[in-house]
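The values are calculated or read from the model by the stated rules, or taken from the named source; none is laboratory data. Everything numeric in this text was worked out from a predicted model, so none of it was measured. Methodologically, a virtual Cβ is constructed for each residue, glycine included, from the backbone with ideal geometry; neighbour enumeration extends over all protein chains shown. Only protein heavy atoms, including side chains, enter the accessible area calculation; ligands, DNA and RNA are left aside. Shrake-Rupley method; radii C 1.70, N 1.55, O 1.52, S 1.80 Å.
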Amino acid sequence: MMSVRQGMLALLASEPMHAYQLRQQFEQRTGGTWPLNMGQVSTTLDRLVRDGLVEQVPSSDPAAYRLTADGRAELAHWWSTPVVRSAPQRDELSIKLALAVTAPGVDVREIVQAQRTETMRALTDLTRLKADLPAQVESADDLAWSLVLDNLVFSAEAEVRWLDHVEVRVARAALRPATPSSAPSPVDTRADVTR
């Protein structure tokens, strides 16, 4: 996910803003998907000033901030650098299911069904939001929100497909014969739970 730091730099590239404007613009452009609190905004601004990427506009009330030359260079570097996918982010659902298949007495299929229901509910809500968008994008803010919404829809669809895959893999593992070992394997555990 985009860092708040880079987001603030991107917003300040267009014009100086005070902290409340930055928070409001960030949420507006991302459709409120990643809400910020004023503490995050203030802390980020303090660090950007400390690092020489942002400076206060003299005599502004409330305090407004603008990019420095170093800030513009940092932002240009961010725009030109692809997001690295080599270190996967911690995904609670992946961790939950990875641990569930090795935990005795846990019905993984029940977890998958409950998650599929929740993900489908979220997908329905996102699809409704998408239907409410104007057919013709009228502003940059509309386009920004539309792109974020597309990402959320595609992610939810991918999660449903992955849950289908998990369900098939767990069912196949439960059908395999148990292998002798001193500790129960994930297959042994699932086979015991599903019988």
Per the filter on segment 30-56, residues assigned to a helix (DSSP H, G or I) and over 18 Å from the mean Cα position of the chain (by Cα) are M38, G39, V41, S42, T43, T44, L45, D46, R47, L48, V49, R50
Given (1) polar (S, T, N, Q); (2) assigned to a loop (DSSP other than H, G, I, E, B); (3) open to solvent by less than 80 Å² (accessible area, probe 1.4 Å), Q136 misses just (3)
For segment 82-104, pairs from a residue that is under 17 Å from S155 (Cα atoms) to a residue that is open to solvent by 100 Å² or more (accessible area, probe 1.4 Å) and assigned to a loop (DSSP other than H, G, I, E, B), with Cβ under 9 Å and 6 or more apart or across chains, are Q89/M1; S94/P88
Looking across segment 96-106 at residues that are within 19 Å of W162 (Cα to Cα) and part of a loop (DSSP other than H, G, I, E, B), the single one that is most open to solvent (accessible area, probe 1.4 Å) is T102
Only unsatisfied item for E27, checking (1) closer than 26 Å to L147 by Cβ; (2) loosely packed, with under 13 Cβ neighbours inside 10 Å; (3) within 19 Å of the chain's Cα centre (by Cα), is (2)
Screening L53, L48, L67 for residues that are touching an Asp or Glu at 6+ places or on another chain (Cβ under 6 Å), open to solvent by less than 80 Å² (accessible area, probe 1.4 Å) and either under 27 Å from Q21 (Cα atoms) or aromatic (F, W, Y) (or both) leaves only L53
| query | Quick check: is even one residue across segment 107-123 out of contact with any Gly (no Cβ under 7 Å at 6 or more places or on another chain), at pLDDT below 90 and not in a helix (DSSP H, G or I)? | reply | no
For segment 105-119, pairs from a residue that is in contact (Cβ under 8 Å) with a residue 60 or more places away in the chain to a residue that is open to solvent by less than 60 Å² (accessible area, probe 1.4 Å) and of a type in the set (K, R), with Cβ under 7 Å and 6 or more apart or across chains, are V108/R190
With criteria (1) under 23 Å from D91 (Cβ atoms); (2) surrounded by 14 or more Cβ atoms within 10 Å (Cβ to Cβ); (3) within 20 Å of the chain's Cα centre (by Cα); (4) not aromatic (F, W, Y), S146 comes up short on (1)
